[in-house]
Amino acid sequence: MGRAFEYRKARKMKRWGNMARTFTRLGKEIVIAVKAGGPDPTSNSRLRVLIKNAKAENMPKDNIDRAIKRAISKDTADYKEIVYEGYGPFGIAMVIETATDNNTRTVANVRSVFNKFSGTLGTTGSLSFLFDHKCVFKVSAATVADPDELELELIDFGADEIFAEDDAIIIYGSFESYHKIQSYLDEHSIEIVSGEFVRIPVDTKDVTEEQRETLNKMIERFEEDDDVTNVYTNMKDPEEEED
């Protein structure tokens, strides 16, 4: 797996190398979860998983507590999760997920990046057919008695792919099945290491190395914006080209 593994590792380190930006993103997600379901993680399942995600990213407990307190403060602005879609250069589809308290600012920033790289900002939902919206859980393999049995059980709860990875088990399911899968895992005392949503391209598009460099610069520009939480594209990664 050589070069492909190093590529994935480099991309992850480059993307989340700035810990302050990572903590800002997680803090916003915690604020949104608290405002939607309350500050008690025992009764707010989404918050409970986000706290696990934060701990997995080495976010200090004080930061997590401050985010929860900020969410219940009357002075804290409401964050809205807004998705922008468009085409970057070379016909590559892009989905930009944001969490913002000022949509006017955020859409202006997103449009500016598209314009700078000769891309086009589209209308919401215009490219949704190009990506599968999935939930993904990482659970501790040590807390799973029988992985095969777990797979059979979770199929009924919306899971569509389960596989082992090191000392963990990865579970993919439809976006809508998030809470059903989480509830099953909680009820069966299976430790959730992290849980999140991802967008997986239905089909990927080949690009040259020069084009990839330009597109990566565009992605990095998006990710420099504190309002942006995730960027997805249908650009084919190097590891796919090796398969």
When ligands, DNA and RNA are left out and all protein chains stay put, how many square angstrom of accessible area per residue does the stretch 120-243 have with a 1.4 Å probe? 54
Counting all Cα-Cα pairs in the stretch 113-234, those more than 21 Å apart amount in percent to 51
Other-chain or far-sequence residues with amide H under 5 Å of PHE131's (modelled H): VAL202
Flagged links, alpha-carbon separation over 28 Å, of LYS52/LYS205; LYS52/LYS217; LYS80/LYS138; LYS52/LYS116; LYS35/LYS236: LYS52/LYS205; LYS52/LYS217; LYS52/LYS116; LYS35/LYS236
At q = 0.13, 0.15, 0.26 Å⁻¹, what log₁₀ I(q)/I(0) does a Debye calculation on the Cα points of the stretch 163-243 give, no solvent, two decimals? -0.64, -0.80, -1.23
Stokes-Einstein D (µm²/s) once Rh is taken as the Kirkwood radius of the chain over alpha-carbon pairs, at 10 °C in 1.306 mPa s: 82
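Express in nm, to one decimal, how much length is gained between ASP203 and ASP62 on full extension, taking 0.36 nm for each residue of separation and deducting their alpha carbon distance.
Gain on extension, ASP203 to ASP62, equals 46.6 nm.
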Of all DSSP beta bridges located in the chain, what percent are antiparallel, nearest 5? 95
To the nearest 0.05, the calculated FRET efficiency linking VAL107 and GLU191 through their beta-carbon distance, R0 being 30 Å, is 0.15
So what's Rg/Rh here for the stretch 70-123, counting alpha carbon atoms and using the Kirkwood radius for Rh? 1.12
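Which of rounded, prolate, oblate describes the stretch 61-160, given a ≥ b ≥ c as roots of the alpha-carbon gyration tensor eigenvalues and a/c under 1.5 marking rounded, otherwise prolate only if a/b is larger than b/c?
Working: a/c = 2.97, a/b = 1.31, b/c = 2.26.
The shape class here is oblate.
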Using the Kirkwood radius over Cα pairs, work out the Stokes-Einstein diffusion coefficient for the stretch 113-174 at 20 °C and 1.002 mPa s, in µm²/s as a whole number. 150
Karplus 3J(HN,Hα) series, Hz, for the stretch 101-116 with 6.51 cos²θ - 1.76 cosθ + 1.60 (x for Gly, Pro): 9, 8, 5, 4, 5, 5, 5, 5, 5, 5, 4, 4, 5, 4, 5, 4
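The values are calculated or read from the model by the stated rules, or taken from the named source; none is laboratory data. A quick note: this is a predicted structure, and the numbers were derived from the prediction, not measured. Backbone-built Cβ (ideal geometry, glycine too); neighbour counts: all protein chains shown. SASA here: full protein model, heavy atoms, side chains in, ligands and nucleic acids out. Shrake-Rupley method; radii C 1.70, N 1.55, O 1.52, S 1.80 Å.
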